[in-house]
Structures are given as structure tokens and as C-alpha cells.
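The values are calculated or read from the model by the stated rules, or taken from the named source; none is laboratory data. Since the model is a prediction, treat every value here as computed from it, not as a measurement. Heads up, the Cβs are rebuilt from the backbone with ideal geometry, glycines too, and the neighbour counts pull from every protein chain shown. Keep in mind that these areas ignore ligands, DNA and RNA; they rest on the heavy atoms of the full protein, side chains included. Shrake-Rupley method; radii C 1.70, N 1.55, O 1.52, S 1.80 Å.
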Amino acid sequence: MNETNNQFNFELQNQIDGTLPKGHIYQLGKPGVILRSAGFPDMPIELAASHLADKAKTAHHPFDIAEVKDLVNALQNPLAVFSYGDKTKA
């Protein structure tokens, strides 16, 4: 996971610097024991850089993209896991 986390952080810095290629998809590894025990499928986790940028700008919960540094590690050790209402959007 360290290598995946370091790669994510490197690519995240490229997004912050404006040098990340358009259409980039972050590879966040596979879900760990905690997420799998909550029903998360044992499949690769991906995140479109454009989706991250859009979510950072939402009116409800704006955030600085730099705040998601080490996201790969955070996904392996979540503080809480909530059930999402619409399973088709998961």
C-alpha cells in the first residue's frame, strides 16, 4: 500500500500543480479488511481526477484538494463506514 499511496500523492501534487493529464484516473488500491467486512466489493478502487476536482468545489462541503493527501492509507483505516442509500451509485 505504501507504493500505491506514494504514487497517489505524486499524482495529486501534479493535479494541484495543473500538470496532471486530462482524463486521469487515480488508482487507490483494493479495499482492506474493514471495507470488505462492511460489504465493499473486493475490486480496485478508482477515482477520476475530474470528479475529485468537482467535489472539492461543491457549495455544501468545499475543500482544498491537498487535504486528500494519503487518501490510499485513509481508505485502509477508515474512522467510520456508512451505508450509502443508492447502491447503484456506489
Worksheet item: What are the pairs, 6+ residues apart or on separate chains, where a residue within segment 11-38 that is over 13 Å from Ile65 (Cα atoms) has its Cβ under 8 Å from a residue that is of a type in the set (Asp, Glu) and not in a helix (DSSP H, G or I)?
Response: Ile25/Glu46; Tyr26/Glu46; Gln27/Glu46; Leu28/Glu46; Lys30/Asp42; Pro31/Asp42; Arg36/Asp42
Worksheet item: Can you pull out the residues in segment 57-72 that are under 25 Å from Asp17 (Cβ atoms), modelled with pLDDT under 95 and either in a helix (DSSP H, G or I) or open to solvent by 100 Å² or more (accessible area, probe 1.4 Å) (or both)?
Response: Lys57, His61
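Conditions tested, residue by residue: (1) farther than 22 Å from Leu79 by Cβ; (2) among the hydroxyl-bearing types (Ser, Thr, Tyr); (3) touching an Asp or Glu at 6+ places or on another chain (Cβ under 7 Å); (4) at pLDDT 95 or above.
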site	(1), (2), (3), (4)
Asn2	no, no, no, no
Glu11	yes, no, no, yes
Pro21	yes, no, no, yes
Gln27	yes, no, yes, yes
Ile34	no, no, no, no
Phe40	no, no, no, no
Item to complete: Hey, can you tell me all the residues within segment 19-56 that are in a helix (DSSP H, G or I), open to solvent by 70 Å² or more (accessible area, probe 1.4 Å), closer than 21 Å to Gly85 by Cβ and of a type in the set (A, V, I, L, M, F, W, C)?
Response: Ile34
Worksheet item: Restricting attention to segment 1-27, which residues are among the aliphatic types (A, V, I, L, M) and within 12 Å of Ala49 (Cβ to Cβ)?
Response: Leu12, Ile16, Leu20, Ile25
